[in-house]
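A short worksheet on the structure shown next.
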Amino acid sequence: MRVHVLGSSGGYPVPGNPCSGFLLEKEAARIWIDAGTGTMAAVQEHVSLERLDGIVVSHAHADHCADLLTLLVALRFQLDGIPRRKPLWAPREVWDVLPRFLDPRGAGILKMEEAFDFHPVEAGSEADIFGVHCRFIRTAHPVETLALRAEAGGAALVYTADTGPAVDLAGFAQGAGLFLCEATYQDALMGAPVHLSARQAGDLARRAGVRRLALTHLWPTLDPEVSLREARAAAGDVPVELARAGTAFEI
Ligand SMILES: [Zn+2]
Ligand SMILES: [Zn+2]
């Protein structure tokens, strides 16, 4: 498997770095994971919308799902007039929240079901998504948020989405080839326990025995070099990198 980083900015996008989004390649399959603000443009650098197979979204916060709305416009208004639908795996909240942006006056012009085949997922769900076996657990975050473990051919990717520390992510990520872990905070800037710090991400990676840790969802105003240092101090022997937009990881 290969994972392209479309964006890794936490909360809001910045120049050169959209919000959360990744493109998972497994043989011929192209699966877009999280459609954060700005990732719609970035995903098209790797795959045409026609060729995109499906989308997996972790939760209903805009920095993870807002570009489903722009994807919907592209799919619904193809110039040949033939709408193309894509399968979408997401918590039900995503499906419930986004139509409020589309149709505030009940005009019924744009409907989610015109662009997406919805497959609701929840804590404990398992799904075979284009040959990739996916498992989901609920994270510690204010809305229904699902971390993802994606496995194929003996390789495993674990993506935490947004989460605080009060969940067994070390168990969920056990032995993963790539651990894409959110690292919103730093030691000197710890917010509410609905996100992790870089040090907490490093500690999880060490306890999970993952092969590689990539930090994502860094708060845009913080120095990423400090996040790297703090994560490495806790990660033991696990190599730690930043999930930089435009880079890719082989798993
Ligand atoms: Zn977020
Ligand atoms: Zn969130």
* Which GluC sites (Glu not before Pro) in segment 1-54 pass both tests, a DSSP loop state and at most 13 other beta-carbon atoms within 10 Å? -> Glu27, Glu45, Glu50
* Leaving ligands, DNA and RNA out of it, report the carbon-plus-sulfur percent of the accessible area of the chain at a 1.4 Å probe. => 53 percent
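Using a/c under 1.5 as the rounded threshold, could you call segment 128-247 rounded, prolate or oblate? The axes a ≥ b ≥ c are square roots of the C-alpha gyration tensor eigenvalues, and prolate needs a/b larger than b/c, oblate otherwise.
Prolate.
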* Asked: So what is the accessible area of the chain per residue, in Å², with the probe set to 1.4 Å?
  -> 41 Å²
* To do: Distance from a point 7 Å along Cα→Cβ of Leu189 to each backbone N in segment 228-251: keep the residues under 16 Å and list them by number.
  => 228-231
* To do: Could you work out the local net charge near Thr37, counting Lys and Arg as +1, Asp and Glu as -1, over the other residues with Cβ closer than 11 Å to its Cβ?
  => -3
* To do: Please give the helix 224-234 orientation as an angle from the longest Cα principal axis of the chain, in degrees from 0 to 90, rounded to the nearest 10.
  => 50 degrees
* Structure fact -> Once both label points are put 7 Å beyond Cα along the C-beta direction, the Phe130-Val143 separation in nm becomes 2.4 nm
* Structure fact -> Taking a ≥ b ≥ c as the square roots of the eigenvalues of the Cα gyration tensor, with a/c under 1.5 meaning rounded and otherwise prolate when a/b exceeds b/c and oblate if not, the chain is prolate
* To do: Would you mind checking the tilt of helix 67-76 against the longest principal axis of the Cα atoms of the chain, expressed as 0 to 90 degrees and rounded to 10?
  => 30 degrees
* Asked: In whole Å, how far is the Cα centre of segment 25-44 from that of segment 158-200?
  -> 22 Å
* Asked: 222 nm [θ] for the chain, helices only, -39500 (n - 2.57) per DSSP H run of 4+, per residue, to 500?
  -> -5500 deg cm²/dmol
* Asked: Considering only DSSP states other than H, G, I, E and B, which trypsin sites (Lys or Arg not before Pro) in segment 48-91 qualify as loop sites with at most 15 other Cβ atoms within 10 Å?
  -> Arg51, Arg84, Arg85
* Identify the GluC sites (Glu not before Pro) of segment 87-168 meeting these criteria: DSSP loop state and at most 15 other C-beta atoms within 10 Å of the C-beta. => Glu122
* Mind checking which of Val132, Gly191, Val56 is farthest towards the positive end of the chain's charge dipole, using Cβ charges of +1 (Lys, Arg) and -1 (Asp, Glu) about the Cα centre? => Val132
* Which net charge results for the neighbourhood of His195, defined as the other residues with beta-carbon distances under 11 angstrom from its beta-carbon, given Lys and Arg at +1 and Asp and Glu at -1? -> -2
* Which distance in nm do the two modelled labels at Asp80 and Ser48 give, with both placed 7 Å along the Cα-to-Cβ direction? -> 0.9 nm
* Asked: So for Ile33, Ile109, what's the accessible-area order with a 1.4 Å probe, most first?
  -> Ile109, Ile33
* **Helix axis angle, 198-208 relative to the chain longest principal axis, alpha carbon, degrees** => 80 degrees
* Asked: Going by the alpha-carbon gyration tensor, a ≥ b ≥ c the square roots of its eigenvalues, is segment 193-251 rounded (a/c under 1.5) or, if a/c is not under 1.5, prolate (a/b greater than b/c) versus oblate?
  -> oblate
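The values are calculated or read from the model by the stated rules, or taken from the named source; none is laboratory data. Not measured: the values here are computed from a predicted model. A quick note on method: Cβ atoms are made from the backbone with ideal geometry, for glycine too, and the neighbour counts reach across all protein chains shown. Ligands, DNA and RNA are stripped out before the accessible areas are found, and what is left, the full protein with its side chains, is counted by its heavy atoms. Shrake-Rupley method; radii C 1.70, N 1.55, O 1.52, S 1.80 Å.
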